[in-house]
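Each remark here refers to the structure printed beneath this line.
The values are calculated or read from the model by the stated rules, or taken from the named source; none is laboratory data. Bear in mind the structure is a predicted one, so any value in this text is a computation, not a measurement. Here the Cβ is made from the backbone with ideal geometry for all residues, glycine too, and neighbour counts use every protein chain on show.
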Amino acid sequence: MNDLLAPWQPTAGDPFDLAKVGHLVRRGGFSASLAKRRELQRAGPLAAVAQLAAPGPDGAAMLQQLLTFDDIQRVRAWRVWLVLHGEHQLQLRLSAFWHDHFATSDRKLLDPRSMALQQATFDRLGSGVFDELLAAMCRDPALLRWLDNDVNTKANPNENFARELFELFTLGRGNYSEADIRAAARAFTGWHVRDGRFHFAAHLHDAGDKELFSARGPLTGDDVIARTVVRRESAEFLAAKWLRWFVHPEPERAEVDALAAAYEQGGRDVGAAIRQLLQSRLFFSPRAYRSKVKGPAEFVLGTVRSLGGRAKPAQLAATMGALGESWLEPPSVEGWHRERAWLSPAAWLLRSNFVADLLAGRGQQLAPAPRTLMPDSKKPVDLAKAAFLLLLDAVPARAVLDPVAAVAAAHGADADAAAAAVLHAVACLPEYQLL
Amino acid sequence: MPDTAVAVVRCVDPPAAVTALLAALGPVPAGVPDAVRAQLGIGITMVRAFCDGDVGAFADRMARGGAALGFELAAGGPQPVVVLRPGDAAAARRWCGEHASGWRVRAHGDCLVLTRGDATAGAATGRWGTESFGEAAALQATIDLAPLRVAAGSQWPAWERLDGPARVLLAPIVHALGSGTRCSLALHAADGLRLCASIDASVRGSPLGALLPAVAPHAELSLPADGVASLRLDRSFTQLLRTPQQFLDPAQAVVAQSFLSIADGIDGASTSFVDDLLGGLVEPFVLHVLPPEPEADGPVPLLQLPGFALVAPLRTAAAGELVLQAARMLATIANVERQQRGRAMFLVRPMRTETGHGLVAEPGPWRGPGAVPLDLALSPTVWIERGYVVVASTHAAAMRVLQSPGEVPQSPSGDHLLVRGAPLAAWLAANRPVVELGRMLDEGEDRAAASRFFDLVQAVVAALHSVQWSLDVGDDVTRAELVLERAR
């Protein structure tokens with residue numbers, strides 16, 4: 001096994017402490033309550049990753065009930081609700097990854113049902129073998145309509161789907177030719193949508209010979225998928241993206257090679273590769289810790305989950321949208337621009353206001369109330385320590401702690417206001433904006 | 001009771017009132033979840049302990065000759081004053097000594113006066129001794145509105161600060177609260193609970209009074225026997241849309257005017273949506289809510305929507321044809337929008353029977369994946385028959401409402417809402433999974449919490465025969481009434 005991906009082993013000098021657990025639950029999920037983090041700490045790193053990677057419950061009945069509404073706000077609230085309540089955090093994290101990867105927007109489709117079904121596909125196949133996920137996505141009604149493949153016919157081939165298949169979904173720019181795109185577009189002719197389902201229109205399909213990646217034959221869409229997923233460039237493209245998503249915004253060549261190799265050796269099993277990554281020395285390295293900027297979902301949902309609270313999903317989704325990450329409406333086929341793109345003076349103010357409103361019960365209505373989150377903390381300094389443990393990973397040095405404690409002291413005997421103030425102060429720290 | 005009290009609640013015969021109120025409330029509904037039942041049990045036990053046992057006997061000891069609770073306004077907030085005429089003065093004094101810590105207790109004739117704070121030190125008989133409390137009831141209250149308005153300042157509800165539909169819905173009440181001097185309340189406990197309120201002011205004569213339609217006695221189609229709910233909203237949509245800027249906030253007024261710019265073209269440039277279409281209908285309109293139709297063959301939505309039917313008598317036959325024209329236009333717009341979303345269009349077709357005619361929009365067969373969407377259970381209908389126009393969510397709902405006998409209500413004006421408990425509880429029970437999901441997504445609750453919530457709601461609704469709300473605006477008085485009747 002590559003050294004970078006070898007399992008990280010805690011030692012007396014480098015223990016599996018709350019900082020490590022916090023790092024794991026933020027990257028492998030959407031954070032967790034302090035009680036849950038302590039439970040995972042006791043379990044140890046391998047068991048903790050296994051808990052995060054546990055499969056989710058069968059959501060078929062809930063999905064059918066959701067489809068009844070046919071309402072995009074409800075679909076968005078459903079995704080937020082799952083993140084807030086789901087124990088299967090890695091599966092949900094991967095679903096969010098695939099939503100960003102196969103970025104499909106309801107702004108064009110105006111079809112909440114197809115968007116919900118696409119999300120359900122991510123939940124079902126997002127942690128499995130990539131070949132199956134890609135095959136499903138190439139038959140996904142939302143994606144086919146989003147990339148205009150429902151008008152891709154033998155008489156009038158449309159290259160949009162094929163181009164994004166190579167550029168954004170599998171190989172990355174520079175790893176295919178224009179001739180490959182034209183051949184793939186012909187192979188996907190007739191892959192259409194009828195009555196909300198995938199429909200193969202044989203009479204519109206180009207069954208002639210095509211040449212793809214220097215091989216020739218009467219290729220179908222499935223042939224294109226099969227020949228694409230096995231290419232080394234695909235493994236490297238996906239590995240680099242996973243490393244940017246889970247570990248560090250600027251992965252190094254050796255890291256990409258290591259993860260790509262592990263992914264290929266594992267039979268292109270996404271879940272296995274990501275589990276290996278989350279257990280690795282690379283993942284727990286100082287280079288990875290707090291190296292990424294929280295996106296709106298990570299900030300908004302992570303705050304609620306870190307506090308172990310409950311809030312209104314639709315309102316949280318609206319806040320995420322105001323901060324620039326409206327799920328089901330990515331800005332383009334490339335998904336969301338991440339990291340530093342999330343931060344701006346206006347976004348920082350919105351983040352601060354969101355936390356203040358959440359803690360004050362203005363619109364967001366966090367339950368339970370802030371004071372009950374820190375029941376054993378009476379003195380300002382104890383409130384500040386508790387707030388750091390709830391939202392960040394450890395109690396900081398006095399130089400950082402004391403100003404936050406002073407915020408609590410300013411509220412005198414008003415315990416609710418003091419608790420809300422220290423939590424707000426910690427959530428506004430620069431460190432809290434980092435993942 | 002001091003003259004400075006601004007609100008007084010009075011009970012002339014507390015023992016009888018306790019008996020009547022307990023009888024009207026009835027036992028805890030059968031379906032109430034055990035957890036809630038346990039909390040209620042604790043609460044009842046605490047009340048009994050507080051009352052030294054039987055509540056009726058307690059009321060007799062403490063206030064056989066009557067009781068009153070008043071509030072004075074003070075800097076620190078409302079200060080309560082309690083005046084009791086005990087049946088057993090010694091026992092009442094003893095109880096106050098044990099339980100009324102923080103209260104000052106003193107005798108005044110055959111009464112006990114309990115006060116808190118300095119503001120109530122001057123308790124005396126005065127204007128409240130001669131004040132009329134209106135009709136006899138288990139509980140009566142009179143409230144001085146003017147000093148409360150001054151004390152509340154900007155917190156007092158003002159029509160100008162209302163948003164959205166509240167501007168239209170609440171205009172009569174908010175206006176009365178803002179201009180009246182006195183509000184009288186009476187809680188009756190015979191044949192259910194009936195709360196009556198009366199304010200000595202009316203929106204009539206004010207600019208907002210134009211929202212009330214001029215009503216002549218006319219027949220209304222009654223709610224079918226198994227109907228869920230019925231609402232008559234005594235507002236003039238003709239007046240509302242004639243001068244929307246007078247009644248709506250600027251943004252809504254623009255929306256209304258935009259709608260009218262399209263709607264006015266229904267029947268050529270010479271037709272006015274407001275004058276010709278709405279003006280051809282008799283206001284106020286009545287909305288009936290009916291239980292869902294029995295499940296049809298083939299796939300149906302997991303949530304069975306009730307049927308909605310809006311009924312208006314026709315003033316002119318031409319108005320009926322204009323309504324049909326408007327429905328055709330709206331159906332076309334809706335179908336274009338559906339097509340843009342990749343949805344099957346509704347088939348819009350005229351229908352005619354021996355007694356009526358109309359327009360029915362029917363959905364095509366469902367072929368998509370997954371559960372059937374809600375709109376596939378709709379068949380929007382506009383139907384004209386017996387001098388009425390009915391706009392309904394389904395053809396069946398329109399027909400069912402038209403089968404009801406017409407009736408001339410005692411008061412054809414005024415708001416009236418009727419909700420029947422049994423059909424609403426049955427609807428909830430039949431649609432629990434989807435309704436629970438709606439709450440989970442709205443409130444962030446998990447399935448168990450949402451289920452507990454609807455267990456309680458369903459039990460309470462099932463225990464009610466009906467809930468009625470009415471609002472009647474006279475020339476110089478505004479009356480409201482809320483009636484809750486238990487299922488027997």
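In table form, for the structure just shown:
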read-out	value
Pair list, Cβ < 9 Å and 6+ apart or interchain, from the range A:86-104 residues that are farther than 15 Å from residue A:146 by Cα to residues that are of a type in the set (Asp, Glu)	A:88/A:123; A:91/A:123; A:92/A:123; A:94/A:123; A:95/A:123
Criterion (under 30 Å from residue A:87 (Cα atoms), under 28 Å from the mean Cα position of the chain (by Cα) and assigned to a helix (DSSP H, G or I)) met by exactly one of A:169, A:161	A:169
Checking residue B:18 against (1) crowded, with 20+ Cβ neighbours inside 10 Å; (2) in a loop (DSSP other than H, G, I, E, B), the condition it does not meet	(2)
Count of the range A:2-30 residues which are among the aromatic types (Phe, Trp, Tyr) and surrounded by fewer than 20 Cβ atoms within 10 Å (Cβ to Cβ)	1
Residue count for the range B:24-39, restricted to those that are surrounded by fewer than 12 Cβ atoms within 10 Å (Cβ to Cβ) and either in a helix (DSSP H, G or I) or in contact (Cβ under 8 Å) with a residue 40 or more places away in the chain (or both)	4
Among residues of the range B:336-373, those that are under 33 Å from the mean Cα position of the chain (by Cα), under 29 Å from residue A:108 (Cα atoms) and away from chain A (no Cβ under 14 Å), counted	2
Residue in the range B:168-190 that is free of Cβ contacts under 8 Å to residues at least 40 places away in the same chain, more than 25 Å from residue B:129 (Cα to Cα) and loosely packed, with under 15 Cβ neighbours inside 10 Å present	no
Filter pass, residue A:200 being touching a Gly at 6+ places or on another chain (Cβ under 7 Å), surrounded by 22 or more Cβ atoms within 10 Å (Cβ to Cβ) and within 29 Å of residue A:111 (Cα to Cα)	no
Which listed residue is of a type in the set (A, V, I, L, M, F, W, C) and either more than 10 Å from every other protein chain (Cβ to nearest Cβ) or under 21 Å from residue A:303 (Cα atoms) (or both), from A:63, A:67, A:84	A:84
Subset of the range A:41-60 that is among the hydrophobic types (A, V, I, L, M, F, W, C) and under 17 Å from the mean Cα position of the chain (by Cα) - its residue that is farthest from the other protein chains (Cβ to nearest Cβ)	A:49
Filter result for the condition that a residue is modelled with pLDDT of 90 or more and in contact with a strand residue (DSSP E or B) (Cβ under 7 Å, 6 or more places away or on another chain), over B:289, B:254	B:289
Residue in the range B:320-335 that is within 14 Å of chain A (Cβ to nearest Cβ) and either in contact with a Gly (Cβ under 9 Å, 6 or more places away or on another chain) or not in a strand (DSSP E or B) (or both) present	yes
Verdict on residue A:408 being free of Cβ contacts under 8 Å to residues at least 40 places away in the same chain and crowded, with 18+ Cβ neighbours inside 10 Å	yes
Test: residue in the range B:412-432 that is of a type outside the set (Phe, Trp, Tyr), touching a residue at least 60 places away in the same chain (Cβ under 8 Å) and within 14 Å of another protein chain (Cβ to nearest Cβ)	yes
Residue B:194 of a type in the set (Lys, Arg), surrounded by 15 or more Cβ atoms within 10 Å (Cβ to Cβ) and not assigned by TED's automatic domain parsing to the domain that holds residue B:254	yes
Yes/no for residue A:253 being outside the structural domain of residue A:367 (by TED's automatic domain parsing), basic (Lys, Arg) and free of Cβ contacts under 8 Å to residues at least 40 places away in the same chain	yes
Close pairs (7 angstrom Cβ cut-off, 6 or more residues apart or separate chains): more than 7 Å from chain A (Cβ to nearest Cβ) in the range B:433-445, not charged (D, E, K, R) anywhere	B:435/B:428; B:435/B:454; B:436/B:450; B:436/B:451; B:436/B:454; B:439/B:450; B:439/B:453
Residue among B:119, B:89 that alone is surrounded by 15 or more Cβ atoms within 10 Å (Cβ to Cβ), modelled with pLDDT of 90 or more and over 25 Å from residue B:187 (Cβ atoms)	B:89
Options B:485, B:407, B:481: the member that is touching a Cys at 6+ places or on another chain (Cβ under 8 Å), touching a residue at least 40 places away in the same chain (Cβ under 8 Å) and either more than 14 Å from chain A (Cβ to nearest Cβ) or crowded, with 18+ Cβ neighbours inside 10 Å (or both)	B:481
Identity of the residue in the range B:40-61, assigned to a loop (DSSP other than H, G, I, E, B) and among the acidic types (Asp, Glu), that ends up modelled with the lowest pLDDT	B:52
Close pairs from the range A:307-335: first closer than 14 Å to residue B:441 by Cβ and within 14 Å of another protein chain (Cβ to nearest Cβ), partner part of a loop (DSSP other than H, G, I, E, B) and of a type in the set (A, V, I, L, M), Cβ under 8 Å, at least 6 apart	A:310/A:366; A:311/A:366
Residues that are touching a helix residue (DSSP H, G or I) at 6+ places or on another chain (Cβ under 7 Å) and either at pLDDT below 95 or more than 27 Å from residue A:5 (Cα to Cα) (or both), drawn from the range A:30-68	A:33, A:34, A:55, A:56, A:59, A:62, A:63, A:65, A:66, A:67, A:68
Number of positions in the range B:259-274 that are assigned to a helix (DSSP H, G or I) and crowded, with 17+ Cβ neighbours inside 10 Å	3
Complete set of residues in the range B:275-293 that are among the acidic types (Asp, Glu) and in a helix (DSSP H, G or I)	B:275, B:276
Strands (runs of 3 or more DSSP E) fully within the range B:130-215 counting 2 or more residues that are modelled with pLDDT of 90 or more and over 19 Å from residue B:7 (Cβ atoms)	B:193-199
Helices (runs of 4 or more DSSP H) fully within the range A:211-313 counting 3 or more residues that are among the β-branched types (Val, Ile, Thr)	A:221-229, A:296-306
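Here is a yes/no grid of residues against (1) over 14 Å from residue A:434 (Cα atoms); (2) within 14 Å of chain B (Cβ to nearest Cβ):
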residue: A:247; (1), (2): no, no
residue: A:258; (1), (2): yes, no
residue: A:276; (1), (2): yes, no
residue: A:288; (1), (2): no, no
residue: A:300; (1), (2): no, yes
